[in-house]
Amino acid sequence: MTQDSSMLDGTIASIDGAVRSLGLEDDMRHVLIEPWREVQVGLPILMDDGNVQVFHGYRSQHNAARGPYKGGIRYHPNADLEHTRALGMLMTWKTALADVPFGGAKGGVSVNPRELSTSELNKLTRRYTMSMHHILGVNRDIPAPDLGTSAQTMAWIMDAYGSIHGHTPGIVTGKPIELGGSLGRAEAPGRGAAVVGCRALVDSGIAPEHSTVVIQGFGAVGAAAARTMFDRGANVIAVSDVDGAIINTSGLDIPALEKLVTEGGSVSDFTNADALDNDALLTLECDLLIPAAIEDVITVKNAASIKAKIIVEGANRPVTTDADEILVEAGVNIIPDILANAGGVVASYFEWAQNVQVFNWELERVNRELDRKMNEAYDVTKAHADRNGGSMRKAAFDVAVGRGSETIKIRGYVG
Ligand code: NAD
């Protein structure tokens, strides 16, 4: 095999696997693989140089049988409708596996946010919100940050939405704390990835405090995963960002690195480490590899060179479906995205619940409830894998699709 199938085909293949093992009917399969609604818009923006540029924006609402649509908005040059659809489907299964009362959706704008000024990004975000507000809502569809978007982006969305519908903090999650964001939300996907990573280490007979960890990406997810693993005593030996990678086999000082990056530096500016090729980072010998940057980084081209014992998918679909087969065959334990990074949507649920109740939680409560939800999702997935055989990804999809299809039946969409 020399070519990887697309993210959408890979996601449908995972659903099909669950459809087969659960013995679901064809009618149900059609509902499971089709998005409910998709909107594509042109977004004309007056740029700082006086020219008008038209960007393309998307929202794919996959399934809301279990609750309002929920999913991030991504600003990335490769964002398109098909890609957004695949990510929206993953959200449906992530919310079902984490057992939070949401469905799945995703949004995107095809743009490189690093090339736009703050004022251009503000205008673009408001235009996107005005074009989509009729399909959003606290009980309809609740966006959150993703690659290339941030708490600031969510603040602009909330403000634009509020200008039509009145003050509505629950319209987005991942907001700044000052506007009703939740303590612990920003760190939650990385913290959750570390929680399930530690469970997988222990299940392999490796004590987390004696483990070696490699992390690709040092953004919202990667940095929080690194910090949590560091705090639990693990040896985080290598990390990267888009500009480069670094290694220190004695262990990186993660709090010092976090400080440097928060102050605007790149990972490769860190002095107490050696430079490393970005691709070489993925094939380092380690106990736990956390790809937490973008999708399709472990493919048929490098799968056979991976030496990690466990891979925790901090990013969405970093391991392609074809690479997954090679790695599972080789005995690598892959904790799939819909489990590994579900901490983001779990904490989003806590944020939304706090907004709806107008009652804020302490950080200690957010982290305690997050750890409980992550451990429960890990337990149910591991128990299914132990009982039925197969990988953690297979088990996660079986559990999630099982829950989703039950609700679809009860609502009467099928038979
Ligand atoms: P981010 O923009 O905060 O960080 C991304 C990081 O990856 C940055 O450090 C960037 O420099 C780095 N990066 C990008 N391309 C790279 C490359 N080719 N090699 C090495 N590093 C690279 O984004 P994020 O919010 O941390 O999201 C990362 C992934 O996690 C995405 O797949 C996203 O969909 C997923 N995710 C995010 C959340 C969330 O709430 N933020 C929740 C669940 C899943």
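The values are calculated or read from the model by the stated rules, or taken from the named source; none is laboratory data. Remember, it's a predicted structure, so these values are computed and weren't measured experimentally. For neighbour counting, all protein chains shown are included, and Cβ atoms are generated from backbone atoms with ideal geometry for every residue, glycine included. Each accessible area value is taken on the protein alone, full model and side chains, heavy atoms only, with ligands, DNA and RNA left out. Shrake-Rupley method; radii C 1.70, N 1.55, O 1.52, S 1.80 Å.
Considering the zone a paramagnetic label at residue 163 would reach in this model (a point 7 Å from Cα along the Cα-to-Cβ line), which residues of the range 43-77 have amide N under 15 Å from it? The answer is 44-46.
Lysine pair count for the chain with Cα-Cα distance under 21 Å and sequence separation of 8 or more or different chains is 20.
Here the dipole of the chain is about 1300 debye; that uses its Cα centre as origin and unit charges on the Cβ of Lys and Arg (positive) and Asp and Glu (negative). Packing, taken as the mean count of other beta carbons within 10 Å per residue, orders the peptides 166-178, 61-73, 295-307, 79-91 from highest to lowest as 61-73, 79-91, 166-178, 295-307. Summing Cβ point charges (Lys, Arg +1; Asp, Glu -1) relative to the Cα centre of the range 368-415 gives a dipole of roughly 120 debye.
Converting phi to 3J(HN,Hα) with the Karplus coefficients 6.51, -1.76 and 1.60 and the offset θ = phi - 60°, the range 138-143 yields 4, 10, 10, 7, 10, x Hz in sequence order, with x at every glycine or proline.
Taking amide H positions as modeled 1.01 Å from N, with prolines and chain starts lacking one, the residues under 5 Å from residue 72 and 5 or more places away or on another chain are 107, 144. Across the options 42, 242, 408, the greatest Cα extent toward the positive end of the charge dipole of the chain (unit charges at beta carbon of Lys, Arg, Asp, Glu) belongs to 408. Please check: in the Gaussian network model of the chain (C-alpha springs, under 10 Å), which one of 46, 276, 201 has the largest mean-square fluctuation. For the chain, modelled as a Gaussian network with Cα springs under 10 Å, the answer is 46.
Between the residues 75, 193, 15, the greatest Cα displacement towards the positive end of the dipole of the chain, with unit charges on the Cβ of Lys, Arg, Asp and Glu, is found for 15.
Per residue, the accessible area of the range 162-232 comes to 37 Å², computed with a 1.4 Å probe over protein heavy atoms only. Ordering 180, 132, 168 by the projection of their Cα atoms onto the charge dipole of the range 123-187, which places +1 on the Cβ of Lys and Arg and -1 on the Cβ of Asp and Glu, puts 132 at the extreme positive end. Averaged over residues, the count of other Cβ atoms within 10 Å places the peptides 93-104, 22-33 in the sequence 93-104, 22-33, highest first. Most simply put, the chain has about 50% antiparallel DSSP beta bridges, counting only bridges with both residues inside it. Computed in the context of the full set of protein chains, the accessible area of the chain at 1.4 Å probe radius has 49% of its extent on carbon or sulfur. Could you identify which residue out of 274, 49, 386 has the top mean-square fluctuation in a GNM of the chain using Cα springs shorter than 10 Å? The residue with the greatest mean-square fluctuation here is 49. For the range 30-145, the per residue solvent-accessible surface stands at 37 Å², with DNA, RNA and ligands left out and a 1.4 Å probe. Accessible surface computed residue by residue for the range 243-393, with neighbouring protein chains in place and a 1.4 Å probe, gives 43 Å² per residue.
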